[in-house]
Amino acid sequence: MAMNDTLATALSNLLNAEKVGKSTCVVKPISKITRAVFDIMKDNHYIGEFTEVDDKKGGYIDVNLIGGINKCGAIKPRFAAEINEFTKFEKRFLPAKNFGMIIISTSKGIMTLEQAKEKNIGGKLLAYIY
């Protein structure tokens, strides 16, 4: 099976494990982007702690699920978003105002759309979660 998007795979694994009520989820393969997105999800209480395991085969992440995810997914294609377009994408990917978040890759690193607004920078849309 060819794996083109490790982030999309990771997020769908999380969502599926969450839907069937599992308390942990093993995500592999991992990438720097996946790790950064998981950090943001943990900081915003969508997932619990996670540990990275190096099994000499690309490694995997063991994630503790806390039942915080209703829906999450990668945004394809990775739209480039300018500051004045943020509202349009929030309307498209999130169900309600101030509910959920969009994760964006900027020149200053990976962050939420809110943080990008504060810093006044645009970037590429990576994922949404609520």
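Is the shape of region 1-43 rounded, prolate or oblate, going by the alpha carbon gyration tensor and its root eigenvalues a ≥ b ≥ c, with a/c under 1.5 for rounded and a/b larger than b/c for prolate?
On the way: a/c = 2.30, a/b = 1.15, b/c = 2.00.
Oblate, since a/c reaches 1.5 and b/c is not below a/b.
Figure the gain on full extension for ASN44 and ASP5 (residue separation times 0.36 nm, minus the Cα-Cα span) and round it to one decimal in nm.
Working: separation 39, 0.36 × 39 = 14.04 nm, distance 2.33 nm.
Here the answer is 11.7 nm.
Can you compute the radius of gyration and Dmax for region 72-129, using only the Cα atoms, both in Å?
Reported Rg and Dmax, both Å: 10.0, 28.
Rank-order 58-64, 20-26 by packing density, defined as the average count of other C-beta atoms within 10 Å over each peptide's residues, highest first. All intermediate terms of the calculation are to be shown ahead of the outcome.
Numbers: 58-64: 16.4, 20-26: 11.6.
Output ranking for 58-64, 20-26: 58-64, 20-26.
Return the tail of the calculated pair distribution for the chain, meaning the percent of Cα-Cα pairs more than 21 Å apart.
Values: 3177 of 8385 pairs.
Cα-Cα pairs of the chain separated by over 21 Å account for 38 percent.
Evaluate the charge dipole of the chain about its Cα centre and quote only its size in Debye, nearest 20, assuming +1 on the Cβ of each Lys and Arg and -1 on the Cβ of each Asp and Glu. Show your work: numbers first, answer last.
Working: 19 positive and 14 negative charges, 80 e Å.
Magnitude of the dipole: close to 380 debye.
Every number in this text was worked out from the coordinates using simple rules, so none of it is lab data. Just so it is clear, the structure is predicted and the values come from calculations on it, not from any experiment. Positions of Cβ are backbone-derived with ideal geometry, glycine not excepted, and every protein chain shown enters the neighbour counts.
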